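**Q** Have a look at the structure that comes next, please.
Derivation of every value follows stated rules applied to the coordinates shown; laboratory data play no part. Keep in mind it's a predicted model, so treat the numbers as computed, not measured. We place every Cβ from the backbone using ideal geometry, glycine too, and count neighbours over all the protein chains shown.
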Amino acid sequence: MTDIPVDHLQDEAAETTATVRRVQRKMAPIVPAQNIAGRALVLVIAIMTFLSCLTFGAVTLVRDTASVWENQISREATVQIKPVEGLDMEAALAQASQIAGEFPGVTGTKIVDRDATARLLEPWLGTGLNIDELPVPRLIVVTIDEANPPDFAAMRAAITPKLPSAALDDHRTWVDRLVAMAHTTVTIGFAVLALILSATVLTVVFATRGAMAGNGHIIEVLHFVGAEARFIAREFRWHFLVTGMKGAAAGGAAAIAVFIVFSWWSSRNMATPQADQATALFGNFAIGSTGYLGVGLMVLVIGALTAATSHATVVAYLSDIDIRQPEAG
Amino acid sequence: MIRFENVGLRYGMGPEILRDISLHIPERSFQFLSGPSGAGKTTLLRLLFMSLKPTRGLITIFGKDRSRISRGELPLLRRRIGVVFQDFRLLDHMTTYENVALPLRVRGREEANYRTDVTELLKWVGLGDRMHVLPPVLSGGEKQRAAIARALIEQPEILLADEPTGNVDPPLARRLLRLFIELNRLGTAVVIATHDLGLMEQVDARRMILAGGRLDVYD
């Protein structure tokens, strides 16, 4: 073909060499690197990933805190002895403590002494209280081995005949209520997470399709120059995988940063009333390895979702390309 | 090489756009496809390029029945056909060189193996000094030549050109026509869809006239 004498053919060897050298550079990618739709897609993915990761982290936090509440409460039981006529309270406390301490599954007992009891009542009755003047019930805290809890019914049966005014409270009602509340909170959290994830999936799918709409002419040209469908799909899949991962990584990193800042804030303000209140409710704001793993997984899933959507769009476009109406000519 | 027998085409339940088209495009032949605007020239080219399926009749392309060609086989057969689109369809984010090299790149060929071929072809069509320019800054004629070079880079057995001189002045149109004639002399069958009578008068070639959905061939 090159030996044809055409007027503008310039075949000087030197110039050819120079030209060949000039074209020895990196070829432009088949799918253009970025356009406005592509940048918007990265931003949308980043925002949705950020929200998803925050929700996931929050749910992890609530779930962990709920399980901590549950365990802390169930680690203890209380023996309460009401003062009755003729009862030697200190002897009764010692006896009840001894009976409870002998049961297998009990790791220790602690009598709440007079001062501690007075302190407990202080918010209601003020300072300078003489506890002996009032019929105040006294408490024994029974610490329980969570893995091997004692038989509370047997313990109750052992204490009550000897000390009729004693009552054993295994916190079952309270624990059950708290567990139910914790489970409800976690369930609501997971429902919110499911909604956020669904919204993320739909947003990513529609944003990817929007970004793909501007690439129809590229698919068409590739198709008409004889590119195989799998080649075209691969090019777009790779491009959108990178785009999706970029956005998702930015969103995930921002969410992790938020958790690190909260964690740092809570540890820095430790022992202040606000921090104590926050810590009592939410633990120390650390989302733990599960949280970080979840964020990482979310980045991968969102990247894969973007790639899969672009793949499906290319396949649909290619199957549609040959049946569209041509321009009249 | 390509044969149509009583081919008809309609879109959906609409009227037939093409009716009882019978033609044969032999190897190394040169022909014009002409007719008024809206007569269906582009549609007929799309049938030749296998981007449309006829609603009736038989099309044989490179010895294969069109109705039996699977989707997977299409890209391989299309590589034997070069197409110059009316609107060029160059990719704006790629240089002239990259656009022309695209058919080779999508086949997975290494750039080092085709660099010289692309460079020489671009010089042959007179774009040696516009190789690293993006299409938006090319003139209509330059875009046209880049599109022609892209269609030729794989040395196709047949070249289909849709109004290749529609956007250029008469002297450039004559140059492009010379280019097509040279290409045909080298062994490529050429079909040029045009309604430019002046262009057709410059060459004594077969004319296929499309009007009212029917095709008349004047050898």
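**Q** Under 24 Å Cα to Cα from A:LYS82, which lysines show up? Leave out anything in the same chain fewer than 8 places away.
**A** The qualifying lysines are A:LYS110, A:LYS162.
**Q** For B:HIS132 and A:TRP174, what is the calculated FRET efficiency with R₀ set at 51 Å and r taken between the beta-carbons, to the nearest 0.05?
**A** 0.05
**Q** In nm, give the distance between the simple-model label positions of A:ARG230 and A:ALA213, each being 7 Å from the Cα along the Cα-to-Cβ direction.
**A** Taking the two extended label points, one gets 3.2 nm.
**Q** Please state the relative contact order of region B:60-213 as a whole percent: Cα pairs under 8 Å, 6+ residues apart?
**A** 28 percent.
**Q** Moving on to the next point. Taking the Cα atoms of the protein assembly as shown, report the difference between the largest and smallest coordinate on each principal axis, in whole Å and largest first.
**A** That gives 133, 57, 36 Å along the principal axes, largest extent first.
**Q** Given the options B:VAL133, B:VAL84, B:VAL100, state which has the largest fluctuation in a GNM of chain B using a 10 Å cut-off (strictly under) for Cα springs.
**A** Maximum among the listed residues: B:VAL133.
**Q** Around B:SER22, what is the net charge, scoring Lys/Arg as +1 and Asp/Glu as -1 over all other residues with Cβ under 13 Å from its Cβ?
**A** +1
**Q** Same structure, new question: I want to verify a result. In a Gaussian network model of chain B, Cα cutoff 10 Å, which of these has the top mean-square fluctuation: B:ILE81, B:ILE61, B:ILE192?
**A** B:ILE61
**Q** What FRET efficiency, computed as 1/(1 + (r/R0)^6) with R0 = 51 Å and r the Cβ-Cβ distance, is obtained for A:ALA167 and A:VAL261, rounded to the nearest 0.05?
**A** 0.60
**Q** Which FRET efficiency value, to the nearest 0.05, is calculated for B:TYR218 and A:ALA194 with the Förster distance at 60 angstrom and r the Cβ-Cβ distance?
**A** In this case the efficiency is close to 0.30.
**Q** Continuing with this model, one more query. Taking amide H positions as placed in the peptide plane 1.01 Å from N, state which residues far from B:PHE32 in sequence (5 or more) or on other chains have amide H under 5 Å from it.
**A** Distant-sequence amide H within range of B:PHE32: B:ILE192, B:ARG206, B:ARG207, B:MET208.
**Q** If you don't mind, there's one more thing I want to ask. How do the peptides A:167-178, B:167-178 rank, highest first, by the average count of neighbouring beta carbon atoms within 10 Å per residue?
**A** The most tightly packed comes first, giving B:167-178, A:167-178.
**Q** Length gain on complete extension for the stretch B:PHE62 to B:ASP92, per 0.36 nm per residue less the alpha carbon to alpha carbon distance?
**A** Separation in residues times 0.36 nm, less the Cα-Cα distance, equals 7.5 nm.
**Q** How well do other chains shield peptide B:64-74, expressed as the mean number of their Cβ atoms within 10 Å of each residue Cβ?
**A** 1
**Q** Pairs B:LYS41/B:LYS143; A:LYS26/B:LYS53; A:LYS26/B:LYS64; A:LYS246/B:LYS123; A:LYS26/A:LYS246; A:LYS246/B:LYS53: which are spaced more than 32 Å apart, C-alpha to C-alpha?
**A** A:LYS26/B:LYS53; A:LYS26/B:LYS64; A:LYS246/B:LYS123; A:LYS246/B:LYS53, as the Cα separations exceed 32 Å there.
**Q** Modelling each spin label as a point 7 Å along the Cα-to-Cβ direction, I'd like the A:THR107/B:LEU77 distance in nm, to one decimal.
**A** 7.8 nm
**Q** Normalised by the empirical 2.2 N^0.38 Å for globular proteins, what value does the Cα Rg of region A:83-164 take?
**A** 1.23
**Q** Same structure, new question: Going 7 Å from the Cα of B:THR55 toward and past its Cβ, which residues in region B:1-37 have a backbone nitrogen under 15 Å from where you end up?
**A** Under 15 Å, as judged by backbone N against the label point of B:THR55, lie B:7-21 of region B:1-37.
**Q** So, one more: Going by the alpha-carbon gyration tensor, a ≥ b ≥ c the square roots of its eigenvalues, is region B:63-219 rounded (a/c under 1.5) or, if a/c is not under 1.5, prolate (a/b greater than b/c) versus oblate?
**A** Since a/c reaches 1.5 but b/c is at least a/b, the shape of region B:63-219 is classed as oblate.
**Q** Using Cα centres only, tell me the gap between region B:24-100 and region A:151-194 in whole Å.
**A** Each part reduced to its Cα centre gives a spacing of 79 Å.
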